[in-house]
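**Student:** The structure under discussion is supplied below as structure tokens; questions concerning it will follow.
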Amino acid sequence: MTMTTNSFTRSLTVTLLLLLFSITANPTEIRSQQTRTVYICTGKYSKAYHARRECKGLNNCKARIKAVKISEVGKRKPCKICVS
């Protein structure tokens, strides 16, 4: 039983440390993420944003490909090809 308690305590400690580090993220880093440029297809059915203008996911775009700030993508999801 002591082994399980120690394991649980260790897991809880690691989880709390990770949470603490994520809460105290560098504000400059957060701001730079919000102003990062990404690419979207302006087509009616487009649902993703892309990290690279040359992404294969943009090949089928029949409308305009537009560079926008990531904070402007709205409900679009990250591209499964180029956004990691």
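Nothing in this text is a laboratory measurement; each read-out follows from the coordinates by a stated rule. Predicted, not measured: the structure shown is a model, and the values here were computed from it. In this analysis, Cβ positions are derived from the backbone assuming ideal geometry, glycine residues included, and neighbour counts consider all displayed protein chains.
**Student:** Give me the net charge for the shell around V68: Cβ to Cβ below 11 angstrom, other residues only, Lys and Arg +1, Asp and Glu -1.
**Tutor:** +3
**Student:** Still on this structure, I have one more. Roughly how many nanometres apart are two label points built 7 Å out from the Cα toward the Cβ at K44 and S11?
**Tutor:** So the two model labels end up 5.0 nm from each other.
**Student:** Follow-up. Would you pull out the residues with amide H under 5 Å of C82's amide H, same chain only if 5 or more places away, H placed 1.01 Å from N?
**Tutor:** The answer is A51.
**Student:** Another question about this same structure. Search the structure for amide H atoms under 5 Å from the amide H of G43, placed 1.01 Å from N in the peptide plane, and list their residues when 5 or more places away or on another chain.
**Tutor:** A63, R64
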